[in-house]
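Asks: Take this structure, written in structure tokens, and hold onto it; I'll ask about it next.
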Amino acid sequence: MTVAYRRTHNEMPADVEEVEQAEEEGIRFSFLTVPVEVVGENGHVRGLKCLRAELVKREGSDRMSPRPVEGSDFIMDVDAVIVAIGQRVDVDCMTDGLCDLKWTRRTTFDVNMVSMETSEPGVFAGGDAVTGPATVVEAIGAGKRAAEAIDRYLSGMPQPKMPPVPVRRRRVEQLTVPATTKMALKRPEMPLLNLDRRRVTFQQVELGYSENQVREEARRCLRCDVCMRCGKCVEVCRDKMGVDALQLGYLDFDHPVATDFRHTEDVCILCGACATNCPNDAMRIADVDGERILSLCGTILNRQKLQYCRECGAVLGPAKYLDFVRNRTRNMTRLTGDRDLCEKGARQKEAAKLQTEGAVPGGPGTQPTRR
Ligand SMILES: Cc1cc2nc3c(=O)[nH]c(=O)nc-3n(C[C@H](O)[C@H](O)[C@H](O)COP(=O)(O)OP(=O)(O)OC[C@H]3O[C@@H](n4cnc5c(N)ncnc54)[C@H](O)[C@@H]3O)c2cc1C
Ligand code: SF4
Ligand code: SF4
């Protein structure tokens, strides 16, 4: 079988895999080929007259257009021709008894998109005949809306004016995945029916993933239902904290960078500013089993050991965070100079020291502390 196509491989409106799989199955492609006439003999198809084409730029269009080359005609030997050059609604067969049907400018059914009812009362439409070429899932959705509306129509109930508001039924828990694993996971290859059967049957070709492959796929998920890609976390870390630990190009449209979840571990001080400013609980920071852990939709961006106050055992934070605070407040207070003490512990130590020295707090020899 040969596919005659007016443009080249690059302009084909098909998924790359689809074209590759067709080639594997022995389909040939004749590019820059414009069919102009079916040649018949004794009532049978004998050939397809075609012209060669060249691509030219047309004003107002980004897509290169094919221009037939004069005198380049040739006959392709064929015994059957399948015409597949787009689709349209056959209006003529719909007019009989359906005079009130209205059509859009693209000659598709003009329907109320909530109920899928046409301008002819009691007649409903959905799918490609309404949207133009679309997808199976859109056609199924339209069918579902139409079925509900038909039920209301037959029960004498009024049709809703607005589409139903989507309701979240439940929130799927986030899967915990280390940043390195997240970066290493690749989309698994789809197992296919063997080539011999693909050529001669109409059996399903893509056989589906194994359970393990499905689980691996789930671990690649970026959870766009949780992280709404507002970019606040990146902004806060870079502009407010001055740390710039989040290299997440897929949610930072103004500063396109390659996403690298592993980058955060090297730079992040685990201050939690990103998590505090995240409007949707996508960025989380938590102290678990002696560690402070920062995660984005389950992807562990950073985890570091916690330090505790040596006086009272209170959590101080990870060493990197304490160093950051100490550097920032070096000239402001003496208390933060001691990394092993919380503020309360530092005050207790200071008071004990003053008592030992016999000094009065606030008197000569002591320094005021600032909070
Ligand atoms: C080559 C190709 C590849 C595609 N690949 C994909 C894909 O990978 N994924 C995807 O989601 N979508 C794909 N689509 C789109 C998808 O097939 C359509 O969006 C979907 O089938 C539309 O469903 P529908 O019920 O509206 O129309 P159709 O599936 O076209 O069904 C319309 C039915 O109505 C019948 N009919 C027509 N006129 C009359 C009449 N007068 N009386 C009675 N019956 C009539 C037709 O015979 C047909 O059975 C592809 C489409 C094409 C052409
Ligand atoms: S993690 Fe939160 S703050 Fe960051 S982009 Fe997602 S929703 Fe916005
Ligand atoms: S916790 Fe880390 S990533 Fe978040 S704002 Fe602080 S330094 Fe940046």
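The values are calculated or read from the model by the stated rules, or taken from the named source; none is laboratory data. None of the values given here were measured: they were computed from a predicted structure. When we count neighbours, we look across all protein chains shown, and the Cβ atoms used for this are built from the backbone with ideal geometry, even at glycine.
Asks: What's the total number of residues in region 113-154 that are touching a residue at least 40 places away in the same chain (Cβ under 8 Å) and surrounded by fewer than 14 Cβ atoms within 10 Å (Cβ to Cβ)?
Replies: Start the filter on region 113-154 by keeping residues that are touching a residue at least 40 places away in the same chain (Cβ under 8 Å), which leaves 113-115, 117, 128-129, 133.
Filter once more, so that each one left must be surrounded by fewer than 14 Cβ atoms within 10 Å (Cβ to Cβ): 113, 133.
Adding up the residues that qualify gives 2.
Asks: Tell me, please, whether a residue that is closer than 21 Å to residue 180 by Cβ and within 11 Å of ligand 3 (Cβ to nearest atom) can be found in region 250-258.
Replies: no
Asks: Okay, next question. Just one of 310, 292, 303, 328 is exposed (fewer than 14 other Cβ atoms within 10 Å of the Cβ) and more than 20 Å from residue 231 (Cβ to Cβ); which is it? I'd like the intermediate steps shown before the answer.
Replies: Numbers: 310 fails: exposed (fewer than 14 other Cβ atoms within 10 Å of the Cβ); 292 fails: exposed (fewer than 14 other Cβ atoms within 10 Å of the Cβ); 303 fails: exposed (fewer than 14 other Cβ atoms within 10 Å of the Cβ).
When all the criteria are applied, what remains is 328.
Each row is one residue, and each column tells you yes or no for (1) under 30 Å from residue 117 (Cβ atoms); (2) within 16 Å of ligand 2 (Cβ to nearest atom); (3) modelled with pLDDT of 95 or more.
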site	(1), (2), (3)
159	yes, no, no
165	yes, no, no
178	no, no, yes
185	no, no, yes
189	no, no, no
226	no, yes, no
237	no, yes, yes
242	no, no, yes
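Asks: Using the structure shown, decide if residue 256 is more than 25 Å from residue 284 (Cβ to Cβ) and touching a Ser or Thr at 6+ places or on another chain (Cβ under 9 Å).
Replies: Working: more than 25 Å from residue 284 (Cβ to Cβ): yes; touching a Ser or Thr at 6+ places or on another chain (Cβ under 9 Å): no.
Judged against the criteria, residue 256 is not a match.
Asks: Quick one: residue 98 ticks every box in (1) surrounded by 10 or more Cβ atoms within 10 Å (Cβ to Cβ); (2) closer than 26 Å to residue 202 by Cα; (3) out of contact with any strand residue (DSSP E or B) (no Cβ under 7 Å at 6 or more places or on another chain) except a single one, so which number is it?
Replies: Status for residue 98: all satisfied but (2).
Asks: To continue, here is another question. Quick one: count up the residues across region 83-103 that are under 21 Å from residue 134 (Cα atoms), in a loop (DSSP other than H, G, I, E, B) and within 15 Å of ligand 1 (Cβ to nearest atom).
Replies: 8
Asks: Follow-up question, since we're still on this one. Mind checking whether some residue in region 187-200 is assigned to a loop (DSSP other than H, G, I, E, B), surrounded by 14 or more Cβ atoms within 10 Å (Cβ to Cβ) and in contact with a helix residue (DSSP H, G or I) (Cβ under 7 Å, 6 or more places away or on another chain)?
Replies: Yes, region 187-200 contains a residue that is assigned to a loop (DSSP other than H, G, I, E, B), surrounded by 14 or more Cβ atoms within 10 Å (Cβ to Cβ) and in contact with a helix residue (DSSP H, G or I) (Cβ under 7 Å, 6 or more places away or on another chain).
Asks: Taking the residues in region 235-250 that are crowded, with 22+ Cβ neighbours inside 10 Å and within 16 Å of residue 276 (Cα to Cα) as candidates, determine which candidate is nearest to ligand 1 (Cβ to nearest atom). Give the derivation first.
Replies: The initial filter retains those residues of region 235-250 that are crowded, with 22+ Cβ neighbours inside 10 Å, namely 237, 245-246, 248.
Subset that is within 16 Å of residue 276 (Cα to Cα): 237, 245-246.
On the way: 237: 40, 245: 40, 246: 36 Å.
Only one residue tops the list, namely 246.
Asks: Within region 15-33, can you find the residues that are within 20 Å of residue 64 (Cβ to Cβ), surrounded by 12 or more Cβ atoms within 10 Å (Cβ to Cβ) and out of contact with any Cys (no Cβ under 6 Å at 6 or more places or on another chain)?
Replies: Hits for region 15-33 are 19, 29, 30, 31, 32.
Asks: Okay, moving on. Looking for whichever is more than 11 Å from ligand 3 (Cβ to nearest atom) and at positive phi here; the options are 272, 290. Which one fits?
Replies: Working: 272 fails: more than 11 Å from ligand 3 (Cβ to nearest atom).
None of the other options fit; the residue is 290.
Asks: Determine whether residue 293 is free of Cβ contacts under 8 Å to residues at least 40 places away in the same chain and either of a type in the set (A, V, I, L, M) or away from ligand 1 (no atom under 16 Å from the Cβ) (or both).
Replies: On the way: free of Cβ contacts under 8 Å to residues at least 40 places away in the same chain: yes; either of a type in the set (A, V, I, L, M) or away from ligand 1 (no atom under 16 Å from the Cβ) (or both): yes.
Yes.
Asks: For region 51-82, give me the residue count where each residue is surrounded by 12 or more Cβ atoms within 10 Å (Cβ to Cβ) and in a loop (DSSP other than H, G, I, E, B).
Replies: 6
Asks: Then there is this: Among the numbered criteria (1) more than 15 Å from ligand 1 (Cβ to nearest atom); (2) closer than 30 Å to residue 197 by Cα, which one does residue 49 miss?
Replies: Unmet condition: (2).
Asks: Which condition number in (1) within 22 Å of residue 340 (Cβ to Cβ); (2) without any contact (Cβ under 8 Å) to a residue 40 or more places away in the chain is the one that residue 284 fails?
Replies: So residue 284 meets the others, but not (1).
Asks: While we're here: For region 1-33: of the residues being in a strand (DSSP E or B) and closer than 17 Å to residue 86 by Cα, which is nearest to ligand 1 (Cβ to nearest atom)?
Replies: 3
Asks: Yes or no: residue 226 more than 22 Å from residue 304 (Cα to Cα) and in a loop (DSSP other than H, G, I, E, B)?
Replies: Values: more than 22 Å from residue 304 (Cα to Cα): yes; in a loop (DSSP other than H, G, I, E, B): yes.
Against the criterion (more than 22 Å from residue 304 (Cα to Cα) and in a loop (DSSP other than H, G, I, E, B)), residue 226 qualifies.
Asks: A further question on this structure: Mind checking which strands (runs of 3 or more DSSP E) fall wholly inside region 255-338 and carry at least 3 residues that are modelled with pLDDT of 95 or more and within 15 Å of ligand 2 (Cβ to nearest atom)?
Replies: Working: elements: 283-288, 291-296, 299-308, 315-318.
Qualifying strands (runs of 3 or more DSSP E): 283-288, 291-296, 299-308.
Asks: Within region 184-220, track down each residue that is out of contact with any Asp or Glu (no Cβ under 7 Å at 6 or more places or on another chain) and in contact (Cβ under 8 Å) with a residue 60 or more places away in the chain.
Replies: 205
Asks: Would you mind stating whether residue 205 is within 14 Å of ligand 2 (Cβ to nearest atom) and touching a Leu at 6+ places or on another chain (Cβ under 6 Å)?
Replies: No: the conditions fail for residue 205.
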